[in-house]
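All remarks here apply to the structure that follows.
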Amino acid sequence: MAEPLAPAAPAPPAAPPAAGPAGAAPFAASLADFAALARAALPPEVYDFVAGGSGAETALAANRAALDRVAVLPRMLRGIDRPRTDAPLLGRPQALPVAVAPMAYQRLVHPDGEPALAAAAGAAGVPYVASTLSSATVEQIAAAGGPVWFQLYWLRDRGMVRELVDRAQRAGCTALMLTVDVPILGPRLRDVRNGFALPPHVAAANLPGSRDDLAHAGTPGTSAVARHTSAAFASALTWSDVAWLRGRTDLPLVVKGVLDPRDAVLAADAGADAVVVSNHGGRQLDAAPAGLTMLPQVRTAVGDRCEVLVDGGISGGVDVLRALALGATGVLVGRPLLWALAVGGRAGADAAFALLAAELRDALTLAGCADPAEARDLRTITEG
């Protein structure tokens, strides 16, 4: 039987990276600019932990390359002055067709961590997806304000899975997102070369005490985070487990990490309300294609049975437009928002969301679209 899960105590403070005057947002001309700012501010091993992919990082590079290959045919003389950017996700109106991707251990990059990014997302009218491996509890994140979805990793102890789902519901989360592409952690060679381990002030706050001791035990030539994941995660998840989860909650269910259209159909068969077409940011199977590459096929396979989101390399409003034009309901944005948090805390995150909204509005205007729904009628050309 699983031991009861209790909310962990807040992590002790750590020194934030330098980012100018206290409370000031770092200057960035585009959302993509935050990556270089974060690289200059963060310890190299922490930057590598966030930025890196698996293996030779072929899948990581494929994400950006796939986006750059998509050309969108703009429409002319459409009478568009100031387009709307709002769009529904999982049946609820959002200010942008965007959710914050689940990302672990955000106190690695800034002491305010997940609650600060969640608060910024809420202020921007965007859902925040809280990771099972957050460095703040789901209760702390949900209290920050704004819609929160809970991302679930399937743990070896099903009792712990049940308790995490129940905690997410009690905390007021409005959706569950089950990640299905991590039976084991992909070989993150940057972390292996760095002998990466979590510092003492960063922990998996949603797990009971001492459950992530392995993640703090650094050994040269190994990744402590990979050791912890191997010990904690169940590697033999099946579609019957997804159906079990569907039967346990009335919350909208999102299945994240599908690439083969056949799996997207199985997710819909199991009761998923949405799928996320994703190669996990290039951090799992290094031979996997970019999510954007498979997006049109997945959309065709599931039709209107469920929503289809996509992630991987999205770093600005034009990328959101590309995804919409290829059939996405919306996108998940990850690293650029974490970089903004790293260099400016809440102020940096606020600046990033403002840039993303402005970039999407510009892209819609230039494409001749009054709103994100019209972007789905645009035609695309895949170049190269």
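Pairing residues of the range 335-352 that are at positive phi with residues that are of a type outside the set (A, V, I, L, M), at Cβ distances under 7 Å and at least 6 apart in sequence or on separate chains, gives G345/P16; G345/H110; G345/D112. In the range 343-384, which residues are of a type in the set (G, A, S), under 26 Å from A65 (Cβ atoms) and in a loop (DSSP other than H, G, I, E, B)? Scanning the range 343-384 gives a single hit, G384. Scanning the range 156-172 for residues that are in contact with a Ser or Thr (Cβ under 8 Å, 6 or more places away or on another chain) and of a type in the set (A, V, I, L, M, F, W, C), we see that the one that is farthest from N206 (Cα to Cα) is V165. Within the bounds of the range 161-171, is there any residue that is assigned to a loop (DSSP other than H, G, I, E, B) and either of a type outside the set (A, V, I, L, M, F, W, C) or more than 30 Å from A357 (Cα to Cα) (or both)? Looking for residues that are assigned to a loop (DSSP other than H, G, I, E, B) and either of a type outside the set (A, V, I, L, M, F, W, C) or more than 30 Å from A357 (Cα to Cα) (or both), one finds none in the range 161-171, hence no. The single condition among (1) within 22 Å of the chain's Cα centre (by Cα); (2) among the small types (G, A, S); (3) surrounded by fewer than 22 Cβ atoms within 10 Å (Cβ to Cβ) that A231 does not satisfy is (1). Within the span defined as the range 83-102, every residue fails to be of a type in the set (K, R) and surrounded by 23 or more Cβ atoms within 10 Å (Cβ to Cβ). One residue stands out among those in the range 352-384 that are within 20 Å of P88 (Cα to Cα) and of a type in the set (K, R): the one that is surrounded by the fewest Cβ atoms within 10 Å (Cβ to Cβ), which is R361. For A118, the conditions (1) in contact (Cβ under 8 Å) with a residue 60 or more places away in the chain; (2) among the aliphatic types (A, V, I, L, M); (3) under 18 Å from L338 (Cβ atoms) are fulfilled apart from (1). Considering (1) touching a strand residue (DSSP E or B) at 6+ places or on another chain (Cβ under 8 Å); (2) not small (G, A, S); (3) not in a helix (DSSP H, G or I), the lone condition that D304 does not fulfil carries the number (1).
Table: residues versus (1) closer than 30 Å to A268 by Cα; (2) under 22 Å from the mean Cα position of the chain (by Cα).
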residue: Q140; (1), (2): no, yes
residue: G146; (1), (2): yes, yes
residue: D191; (1), (2): no, yes
residue: A204; (1), (2): no, yes
residue: H216; (1), (2): no, no
residue: A226; (1), (2): no, yes
residue: G247; (1), (2): yes, no
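We did not get these values from a lab; they are worked out from the coordinates using the rules stated. Keep in mind the model is a prediction, meaning the values are calculated, not measured. As a convention, Cβ positions derive from the backbone with ideal geometry for all residues, glycine included, and neighbour counts pool all protein chains shown.
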